[in-house]
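A short worksheet on the structure shown next.
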Amino acid sequence: MHQSYQIHSVLKQGVHIESIAAYDNNVILGTRSGQLIMYSVDENGAVDMLMFNKNFSKKPIAQMEVIPAENLLFVLTDGMIHVCDISHTEKNFTFIHSSALTKGCSLFTMDVKTYKSTTGKTTNVVRVCCAIKRRLQFFYWKPDLLESPSFGIDLKDVPKALCWVDDLICVGYKDEYVIFNIKFNKTEKHDLIVTSSSHSMDPCICLLKDIIGVSKDEYLVTIDPADYLARKDEKSKAQAIDSTTSGKAKNPLKPIMWSGPLLALVWDEPFAIGRVASGIEVRFLEANGINKDTLVQSIPELSKTKHLVRSGKGIIFAAAISELWCIRMVDVSIQRQQLLQQKKFQLAIELTNISDEPSKADTIRQIHMRYAKELFALKQFSAAMSEFEKAQANPYDVIRLFPNLLQDQSNKVTVDSFDATVPQVAMPQLEDKDLENALLALIEFLALARQKEVVKLRDTKNASKSLLSIIDTTLLKCYLQTNDSLIAPLLRLNQCHLEESEKTLIKHDKNSELIILYQTNGKHKKALELLRSQATKEGSNLYGNERTIRYLQQLGASHWPLIVEFSDWVLKSDPEQGLRIFTEDFIEVENLQRPLVLDYLLSHHKALVIPYLEHVINVWNESNTFIHNVLIKQYREKVQYIMNEIEKDGSPKDQLQKELKQYRSKLYNMLESSAYYSPDVVLKDFPTNIMLEERALILERLKKHEKVLAIYIQILGDVVKSAQYCERNYEDEPDIFFLLLKTILNPLKVPPYEGVELHKDFKTPNEEVAVKLLNNYATKIDPSKIWPFLPDDMPVYKMLNYLDTVIRTKTAHEHHMEIKKALLQAEIRRCTELVQEQQNISFELNEFTTCPECKKRFANQSAFVRYPNGEIVHLSCHDKRIMTANLSAN
């Protein structure tokens, strides 16, 4: 304990005190004989009587309440409330009002709220709640008058204590406490607790800062008003009353034990001052941590007191029957010195916080630091870290409390620290469970500190970056000892010190995490070397090539040399999976320079060129001509290679034939469907004695129709494909069927290419095929052009269908043209008649004619427009009208 208050005797003998009220340094006594007396008591205990009203009432003064902001004194005497003005001391409690509506009042409580208007004017709203027998009646104060809103609450018994908090009225009966919510003028009743479980005692209620305190036996029980302010239909399940507590509310603080039942209680932050049978006790309700004893000071010499009232900050008045004392708080700096010696840090912080010291913020931080180190020494690590956080402690200083977390002391951050004046406390040796708990608490602290340092990084301060590096490195070491599943998320976005973290991860054999560290720090070569070395070690979590493939896929075009260097071993060990390095659907992979990839594969892994180019063209829709040309070339070379292998003795013919069919099909489809290859470039390397169908597709792109038809007819003898070719190109070349018949009826004497033979059916003119084509495509073959090539001895009956179709088509065409000519002539005549009709229209335009748009006359040289309705306007007016119409339409 320590001395928190000093006692000054104000009156030793005098009147019989029945009630007291106080404000500032003033105390008002109400006597048993109905007198009102006001004294002023200075800091040294000097007393001065300010007002005295000897005949205020013939009955005892039962209760008084002061409203300093309004200079009003509410007095309960003879079962009625009277209001006095205390602003003029010379007038001795000027009487203002006596409310007959309060007749029979035995107890009252008040609620004063201050409101500020938009103009800056403040208004005090005073409400009064009176206990009149078994009913609570409510009033509000108007200037010079107590008004009743006709709102009351019926009670089960006469109340012994009242307390008004916001829209709650706490009522103390002789046997229990209840609370009423009067919001919206609708009463909601909630039962709280019984006043005593063992003996009969009067209830005691007091507002402790923002909670309600009620007495029960030797305990002070606290109640949170927020649990009862919401309406029933607005309360969430989380705020519901626990059924296991028999409907009692959940308290914000544990019940606090006193030396005896509370007879009176006042709140003087941060202390609760209570009157018990043995005297007055001062307690700190929120005591916890190192010292959980709530008793601060005991004042047994005031055991005879009957009344307690708070006058202002640090000033309390106590009264007995005929004695009066002033209890003043000891200077905060003196109390703090005692408290720090007793290690009551939390109370020291609370007292400093309410003091008027100019540098109290720094003082509070120093106390938090000292408190934190004491808690750490007592192995209360979580609470210690909470205090370090409140003290805004330098994370580096906190990390130094842990052994082996800062190996390199040269990396110390030079940050100004306010804890230089904090006495050093011997830190415990941390082992086993204590070390684990300490590290878990440190992790929480550093996580919060890291968030703050990340924000500071926006200022690009080197100190902040260095400190963040230490925080991340320390977190890494903590995770390694507590929860290694958190290491990877930390490393993916970190500022860890590379060398220190690398050493730590290698020590703990954390290869996967080491890869992440290298990757986030740009040490890609180290990462890839580690992946390569671990790929062949069975049991390693990096075994195989999958991690290497994923790593290389993420590097991007800027690291092409590394991709080339470390993809080689993957492509050799597993070509199919290794090719994913260049074909996976990642933006980094897709943005690799494809000519570089192609060149690399052609030089070192030629077997993968075709799969790579197929993916680039078919999946990524590459339109580069060079890429398409290269793929066609690779197909052609592959086909030629297989053909050569088939010709060799002892080779597996069936498998080779299957492969040949596959690649020839791919080549044919590529030549047929691709619109991006260069046919003249591709044709240069194409053989002339094999792959003639593919050659025909290339010549088709070059519009070399005669050469294409020569291949289809004279070498391949494929009339169907030649006819299909002609149909595809008929729109671009109307004479293409004539060229086909010409090729059939006037064949070449020698093959068009060396190493090939003419087809046996087309070495001479094939009249049968020619007649069939003539009959099938009669409308697409000009008889005037084909007639010279027909054999002289060809029977006419074979050509009847062709000739009939041609004649009918020609006749129909001429008939169509005649009809069209007649229709056009009729239209011409109609238009001529319309023009003549319009030309015959005449109108007069003289010097008196005005424009309906601008109301002006037409000058001699004016250009004008005549509408079909006969209206004549200027050309400029016509243009304006058109422009206005267009704007309206838009």
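The values are calculated or read from the model by the stated rules, or taken from the named source; none is laboratory data. Worth saying up front: this structure is predicted, and the values here are computed from it rather than measured. Here Cβ is always computed from backbone atoms with ideal geometry, including for glycine, and neighbour counts include all displayed protein chains. For accessibility, only protein heavy atoms count, side chains too; no ligands or nucleic acids. Shrake-Rupley method; radii C 1.70, N 1.55, O 1.52, S 1.80 Å.
On inspection, Gln3 passes the criterion of being in a loop (DSSP other than H, G, I, E, B) and either closer than 19 Å to Ile273 by Cα or free of Cβ contacts under 8 Å to residues at least 40 places away in the same chain (or both).
Listed here are the residues, each with its yes/no results for (1) modelled with pLDDT under 85; (2) hydrophobic (A, V, I, L, M, F, W, C).
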position: Asn776; (1), (2): no, no
position: Pro795; (1), (2): yes, no
position: Met817; (1), (2): no, yes
position: Leu823; (1), (2): no, yes
position: Glu827; (1), (2): no, no
position: Lys855; (1), (2): no, no
position: Arg866; (1), (2): no, no
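As a summary of the residue check, Asn44 satisfies the conditions (1) farther than 17 Å from Ile316 by Cα; (2) at pLDDT below 90; (3) surrounded by fewer than 16 Cβ atoms within 10 Å (Cβ to Cβ) except for the one numbered (1). Within segment 95-121, residues that are part of a helix (DSSP H, G or I) and of a type outside the set (A, V, I, L, M, F, W, C) reach partners that are open to solvent by 20 Å² or more (accessible area, probe 1.4 Å) and at pLDDT 90 or above with beta carbons closer than 6 Å, at six or more positions or on different chains, in the pairs Thr102/Met80. Does Ala438 satisfy the condition of being over 26 Å from the mean Cα position of the chain (by Cα), farther than 24 Å from Leu498 by Cβ and at pLDDT 85 or above? When the stated conditions are applied, Ala438 passes them. Residue count for segment 101-115 under the criterion of being open to solvent by 20 Å² or more (accessible area, probe 1.4 Å) and either modelled with pLDDT under 90 or not aliphatic (A, V, I, L, M) (or both): the result is 6. When segment 735-777 is filtered for residues that are without any contact (Cβ under 8 Å) to a residue 60 or more places away in the chain, in a loop (DSSP other than H, G, I, E, B) and open to solvent by 70 Å² or more (accessible area, probe 1.4 Å), the ones remaining, listed by number, are Asn746, Leu748, Lys749, Val750, Glu757, Lys763, Thr764.
Within the group Val806, Val865, which residue is touching a helix residue (DSSP H, G or I) at 6+ places or on another chain (Cβ under 7 Å) and in a helix (DSSP H, G or I)? Just a single option satisfies the conditions, and that option is Val806. The test for being under 60 Å from the mean Cα position of the chain (by Cα), without any contact (Cβ under 8 Å) to a residue 24 or more places away in the chain and on the phi < 0 side of the Ramachandran plot holds for Asp42. Scanning segment 591-605 for residues that are under 18 Å from Leu631 (Cα atoms) and either of a type in the set (Lys, Arg) or open to solvent by 40 Å² or more (accessible area, probe 1.4 Å) (or both) yields Gln593, Arg594, Pro595, Leu596, Asp599, Leu602, Ser603, His604. Evaluated against (1) assigned to a helix (DSSP H, G or I); (2) of a type in the set (A, V, I, L, M, F, W, C); (3) buried (at least 16 other Cβ atoms within 10 Å of the Cβ), Leu555 falls short on exactly one condition, (1).
Quick check: is even one residue across segment 185-205 farther than 29 Å from Val276 by Cβ, open to solvent by 80 Å² or more (accessible area, probe 1.4 Å), at pLDDT below 85 and outside any loop (DSSP other than H, G, I, E, B)? For segment 185-205, residues farther than 29 Å from Val276 by Cβ, open to solvent by 80 Å² or more (accessible area, probe 1.4 Å), at pLDDT below 85 and outside any loop (DSSP other than H, G, I, E, B): present.
Within segment 852-882, being out of contact with any strand residue (DSSP E or B) (no Cβ under 9 Å at 6 or more places or on another chain) and of a type in the set (Ser, Thr, Tyr) holds for one residue alone: Ser876. Within segment 650-662, not a single residue is acidic (Asp, Glu), exposed (fewer than 12 other Cβ atoms within 10 Å of the Cβ) and not in a helix (DSSP H, G or I). Count of segment 663-693 residues, restricted to those that are outside any helix (DSSP H, G or I) and touching a residue at least 24 places away in the same chain (Cβ under 8 Å), is 11. Somewhere in segment 53-65, is a residue of a type in the set (Lys, Arg) and closer than 25 Å to Leu302 by Cα? Among the residues of segment 53-65, not one is of a type in the set (Lys, Arg) and closer than 25 Å to Leu302 by Cα, which makes the answer no. Restricting His508, His497 to residues that are under 30 Å from Ala449 (Cα atoms) and surrounded by fewer than 21 Cβ atoms within 10 Å (Cβ to Cβ) narrows the list to His508. Cβ separations smaller than 7 Å between residues 6+ apart or across chains give the following pairs from segment 368-395 residues that are over 22 Å from Thr473 (Cβ atoms) to residues that are hydroxyl-bearing (Ser, Thr, Tyr) and buried (at least 18 other Cβ atoms within 10 Å of the Cβ): Glu387/Tyr371.
Kindly evaluate Glu529 against the criterion of being under 30 Å from Ala675 (Cβ atoms), at pLDDT below 95, open to solvent by 40 Å² or more (accessible area, probe 1.4 Å) and not basic (Lys, Arg).
No; evaluated as a whole, the condition is false for this residue.
Among the residues of segment 789-803, those that are hydrophobic (A, V, I, L, M, F, W, C), in a helix (DSSP H, G or I) and within 23 Å of Asn746 (Cβ to Cβ) comprise Phe789, Val796, Met799, Leu803. One residue alone among Asn618, Asn669, Asn591, Asn624 is under 48 Å from the mean Cα position of the chain (by Cα), closer than 27 Å to Lys721 by Cβ and not β-branched (Val, Ile, Thr), and that residue is Asn618. Any residue that is open to solvent by 50 Å² or more (accessible area, probe 1.4 Å), among the small types (Gly, Ala, Ser), more than 40 Å from the chain's Cα centre (by Cα) and modelled with pLDDT under 85 - is there at least one of those in segment 245-258? The answer is yes, given that some residue of segment 245-258 is open to solvent by 50 Å² or more (accessible area, probe 1.4 Å), among the small types (Gly, Ala, Ser), more than 40 Å from the chain's Cα centre (by Cα) and modelled with pLDDT under 85. Val720: open to solvent by 10 Å² or more (accessible area, probe 1.4 Å), aliphatic (A, V, I, L, M), part of a helix (DSSP H, G or I) and out of contact with any helix residue (DSSP H, G or I) (no Cβ under 8 Å at 6 or more places or on another chain), yes or no? Yes.
The set of residues in segment 612-625 that are open to solvent by 40 Å² or more (accessible area, probe 1.4 Å), closer than 12 Å to Ala675 by Cα and not in a loop (DSSP other than H, G, I, E, B) contains only Thr625.
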